[in-house]
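Undergrad: After the structure tokens below, expect a handful of questions from me.
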Amino acid sequence: MTKVHWYFDFISPFSYLQHELLHRLPDTVEIVYEPVLFAGLLGRWGHKGPAEIPGKRLYTNRYCVWFAQNHGIPFKMPPKHPYNPLKALRLAIALDADPEAVATIFHFIWQEGRWTESAEDWAELTGRLGLADADDRIADPAVKDRLRENTEQAAAKGVFGVPTFLIGDTLFWGVESTEMVVDYLKDPTLLEQGEMARLPDLPSGAERPR
């Protein structure tokens, strides 16, 4: 059984889209669900998210709709995006990142287009998950600390965005990497062959001033 860590944030439509493709991974894989705060990764690496660049925000949203349509994935944008995902992330942590709970949260936001910042929607979601004490659960300092630790540990391993697979010490970022991961799991020497083999030592020819 190969253990694969999957880093995600509910704020990310790409995380949702890749979640809907996880079934493509072989049955010999154990997926460890790792909720992280995307904004924390952005801060760690000093770059902006897609929604923070106006033209990129619109393009990203269009691309996600197109991708979903072309892969037969139900997709509906929440009423506001980006939004604060902390409640949803802490909810997943409080439920030990159970795959069924994670799926319920993803589907609520990205299939139904609901908003966890809405009191009515939040009550509906936590009711589906059977959590009458959801607000108390996500306010638990241990839950908050776990999310912070997840994010810090992800950054320490080189994770710079979501969604990301970590297999051993190898990262695969973005929904577009899904098929690459499938190929890699079939043949772990994939990154050591041909042109791939020289990439780790390829020097940079130019750098922008920081």
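Readers should treat all values here as calculations from the given coordinates under stated rules, not as data from a laboratory. Predicted, not measured: the structure shown is a model, and the values here were computed from it. Every residue, glycine as well, gets a Cβ built from its backbone with ideal geometry; the counts of neighbours run over all protein chains shown.
Undergrad: Of all DSSP beta bridges located in the chain, what percent are antiparallel, nearest 5?
TA: 50 percent
Undergrad: Just give me a number: lysine pairs in the chain, eight or more positions apart or cross-chain, with C-alpha atoms less than 30 Å apart.
TA: Taking the Cα cut-off of 30 Å, the pair count is 21.
Undergrad: What is the Cα convex hull volume of the chain when expressed per residue in Å³?
TA: 145 Å³
Undergrad: Oh, and also: Quick one: compute a quarter of the convex hull surface over the Cα atoms of segment 45-143 and quote it in nm².
TA: If you wrap the Cα atoms of segment 45-143 in a convex hull and average its projections, you get 7.6 nm².
Undergrad: May I ask for the net charge around GLY194, where only other residues with Cβ less than 14 Å from the Cβ of GLY194 are counted and Lys, Arg are +1 while Asp, Glu are -1?
TA: Here the count lands on -3.
Undergrad: Sticking with this one: Can you put LYS48, LYS56 in order, fewest other beta carbons within 10 Å first?
TA: Ordered from fewest to most neighbouring Cβ atoms within 10 Å, LYS48, LYS56 come out as LYS48, LYS56.
Undergrad: Before rounding to the nearest 500, sum -39500 (n - 2.57) across all DSSP H runs of length at least 4 in the chain and divide by the residue total; then give [θ] at 222 nm in deg cm²/dmol.
TA: Mean residue ellipticity, 222 nm, calculated: -13000 deg cm²/dmol.
Undergrad: Something else now. Rounded if a/c is under 1.5, else prolate if a/b is larger than b/c, else oblate: which is segment 161-210, with a ≥ b ≥ c the root eigenvalues of its Cα gyration tensor?
TA: It is oblate, given that a/c is not under 1.5 and a/b is not larger than b/c.
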